[in-house]
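See below for the structure under consideration.
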Amino acid sequence: MTTAREFLNKVKWAGEAVTFGDIELVYTDRLSETGTKVIGGASIGRLERRYFERLDYEFTKTIKDSSDGEGKLVVKRIRLPYYKILRILLRETPDRTATVIWERMK
């Protein structure tokens, strides 16, 4: 069984039949009422060793610079660990249904 990271790398580098725009990720989110969230594959940024970036979710933080007292604005993207991914779905456009193409082993 391949890991979520391996599967996403296959889609990224050999994605002729399936691209990030065709998939959705279902992942665990402890702040969600249902315990899970779904994001579109188009919002997947860099695939790092243990995490992937979400392009659709950014936050800004002002950091005070001690030399001149002025703050600088830093934009950060959310990084999600691969172990939170429960399943990867293939979106089928005609009837808006989705098929599971990868699922974490229980």
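Just so it is clear, none of the values below were taken in a lab; they were calculated from the coordinates. In this text the structure is predicted, and so the values were computed from the model without any measurement. Cβ: placed from backbone, ideal geometry, glycine included. Neighbour counts: every protein chain shown.
Computed quantities for the displayed model
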{"item": "Cβ crowding within 10 Å averaged over residues, with 29-37, 1-9 ranked highest first", "result": "1-9, 29-37"}
{"item": "Under 5 Å, built H, 5+ apart or other chain: amide partners of LEU86", "result": "VAL26, TYR27, THR28"}
{"item": "Computed label-point distance, nm, for sites VAL18 and ILE78 using a 7 Å Cα→Cβ extension", "result": "2.3 nm"}
{"item": "Simple spin-label estimate for THR3 and VAL38 in nanometres, 7 Å along Cα-Cβ", "result": "2.7 nm"}
